[in-house]
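**Q** This structure is in structure tokens; I'll ask about it shortly.
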Amino acid sequence: MLKIWFLTLLILQIYFTEEAVITAASVGGEEWTGGGTTTTIPTSFGSSNPEFSNAYTALQAWKSAITGDPSGILKTWVGTNVCSYRGVFCAEAQDMSTELVVAGIDLNHASLQGSLVKELSLLSDLSILHLNSNRFSGTIPDSFKDLQNLLELDLSNNQFSGPFPLLTLQLPNLLYLDIRYNEFSGQIPEELFNRGLDAIFLNNNMFQGQIPQSLGNSPASVITLANNNLSGSIPASFGYMGPRIKEILFFNNHLTGCIPEGVGFLTEMEVLDVSHNALSGHLPDTLSCLSGVEVLNLAYNQLSGVLPDIVCSLKSLVNFTVSYNFFSGFSQECSKLVFRSVGFDFSGNCIPGKNMQRPPPECSGIPGDLNCLRVPSAKPLMCDTMDQIPGVIHPRSYVFGPSMTGSP
């Protein structure tokens, strides 16, 4: 999948110094100018360019709503040439005219304090809005749904609150959504995973309820839901994202039940962290199909049984953590991990003869859902025939809910 969001993140890195920052950058063939440089006012600027007039109105309204500016960034937000404003980037309009429009705002790490204003929706050509690591608070104006060209929205590490901002689901071109480290609460909407987002960062908020069953519809390569108050089981659709997903972080929630058998379809997964939950039962053999996984963290759950050799045989493993569960043993292949320079932490389990294990009284019962216990198969698992396992549906035949395209 084309990582447009990743490329633009690299390009629009701003360092707020006394000198001008970025003079120009190229994104998708476009020239980006501004960001605080001393630029010549373009010939298209002025009354003949209504987009600039709207941009001036929007940015001045926002400036009035910002109550703290320790770096003095807004001192440059003077005059009608908005391309000279620090953190504001301009590019030629998408209709291939020679007129410049405001195409990007990057105020990451500016420590600005205040709120967002409805007038920002006047920036109809805005494709990137990065406000990471500030002190913005309140809610996101509903008028943001008019930012129909927005590709990336990064509001992380602020003090925004309220329910999940549903207006983001009305942005047809949005690829990158980052609202982590805020104070959002309530439930995660089903429609989120039906959108075409490539990166979804919701961690470190106060979301609660269950993970939507539509999870398997998401085309994202990264999904982080960690450090919330989510409960219930991991959806059966978990594995049906197939090879699209590279990184899933569900740690530090209140998830229960089993690790779904369909996890084996995530063949390109590199990082899987479901630690600090209450997952129980045996590990599914299908974990052995995660041929690309490098970090596998299952710590601080209620998992039990013997660690399967076929999981410890994963060739790409760099770190495998199963500490503080109720595993009763592991065999030769797991013992070899240390010789492969794999970080392997199995402390706090119930493995006889090993150091730093639970006291015997804690190992006398099997906690969690007994329905998650599995009888080991006598036949070796063949990953290319995994859809023949009872109860496992191949991703190609799985669709939950509406299509991923179109407006909600």
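The values are calculated or read from the model by the stated rules, or taken from the named source; none is laboratory data. Here the structure is a predicted model, which means the values were calculated and not measured. Because the Cβ atoms are built from the backbone with ideal geometry, glycine has one as well, and the counts that use them run over all protein chains shown.
**Q** Kindly establish whether A25 is more than 30 Å from G242 (Cα to Cα), outside any loop (DSSP other than H, G, I, E, B), modelled with pLDDT of 60 or more and of a type outside the set (V, I, T).
**A** Taking the combined requirement at face value, the residue does not satisfy it.
**Q** Something else now. Kindly indicate whether any position in region 195-207 is assigned to a loop (DSSP other than H, G, I, E, B), touching a helix residue (DSSP H, G or I) at 6+ places or on another chain (Cβ under 7 Å) and modelled with pLDDT of 95 or more.
**A** yes
**Q** Among the candidates N355, N349, N371, single out the residue that is under 34 Å from the mean Cα position of the chain (by Cα), more than 11 Å from L283 (Cβ to Cβ), assigned to a loop (DSSP other than H, G, I, E, B) and of a type in the set (S, T, N, Q).
**A** On inspection, the qualifying residue turns out to be N349.
**Q** Something else now. Looking at (1) closer than 21 Å to I259 by Cα; (2) touching a residue at least 60 places away in the same chain (Cβ under 8 Å), find the lone condition where V222 falls short.
**A** With respect to (1) closer than 21 Å to I259 by Cα; (2) touching a residue at least 60 places away in the same chain (Cβ under 8 Å), V222 is out only on (2).
Yes or no, residue by residue, for (1) crowded, with 22+ Cβ neighbours inside 10 Å; (2) modelled with pLDDT under 95; (3) assigned by TED's automatic domain parsing to the domain that holds L166; (4) not aliphatic (A, V, I, L, M):
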position	(1), (2), (3), (4)
S97	no, yes, yes, yes
A103	yes, no, yes, no
Q113	no, no, yes, yes
V117	no, no, yes, no
L126	yes, no, yes, no
L129	no, no, yes, no
S133	no, no, yes, yes
D142	no, no, yes, yes
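**Q** Scan F265, F238 and give me the residue that is touching a helix residue (DSSP H, G or I) at 6+ places or on another chain (Cβ under 9 Å) and within 16 Å of G292 (Cβ to Cβ).
**A** Values: F238 fails: within 16 Å of G292 (Cβ to Cβ).
Only one candidate passes the filter, namely F265.
**Q** Right, another one. Which of (1) outside any strand (DSSP E or B); (2) surrounded by fewer than 19 Cβ atoms within 10 Å (Cβ to Cβ) is the odd one out, the single condition G232 does not satisfy?
**A** (1)
**Q** Hey, any hits in region 170-182 for a residue that's part of a loop (DSSP other than H, G, I, E, B), buried (at least 23 other Cβ atoms within 10 Å of the Cβ), on the phi < 0 side of the Ramachandran plot and touching a residue at least 40 places away in the same chain (Cβ under 8 Å)?
**A** There is at least one residue in region 170-182 that is part of a loop (DSSP other than H, G, I, E, B), buried (at least 23 other Cβ atoms within 10 Å of the Cβ), on the phi < 0 side of the Ramachandran plot and touching a residue at least 40 places away in the same chain (Cβ under 8 Å).
**Q** Just a yes or no: is a residue in region 186-194 part of a strand (DSSP E or B), of a type outside the set (S, T, Y) and out of contact with any Phe, Trp or Tyr (no Cβ under 7 Å at 6 or more places or on another chain)? Spell out how you get there, then give the answer.
**A** Of region 186-194, the ones part of a strand (DSSP E or B) are 186.
Those left that are additionally of a type outside the set (S, T, Y): 186.
From what is left, the residues that are out of contact with any Phe, Trp or Tyr (no Cβ under 7 Å at 6 or more places or on another chain) are none.
No, every residue in region 186-194 fails to be part of a strand (DSSP E or B), of a type outside the set (S, T, Y) and out of contact with any Phe, Trp or Tyr (no Cβ under 7 Å at 6 or more places or on another chain).
**Q** Within region 303-331, which residues are more than 14 Å from D273 (Cα to Cα) and touching an Asp or Glu at 6+ places or on another chain (Cβ under 7 Å)?
**A** Scanning region 303-331 gives P308, D309, I310, C312, S313, S316, S331.
**Q** Consider S84 against the criteria (1) surrounded by 20 or more Cβ atoms within 10 Å (Cβ to Cβ); (2) over 14 Å from L153 (Cβ atoms); (3) in contact (Cβ under 8 Å) with a residue 60 or more places away in the chain: it satisfies all of them except one. Which criterion is unmet?
**A** Checking S84 against (1) surrounded by 20 or more Cβ atoms within 10 Å (Cβ to Cβ); (2) over 14 Å from L153 (Cβ atoms); (3) in contact (Cβ under 8 Å) with a residue 60 or more places away in the chain, the one that fails is (3).
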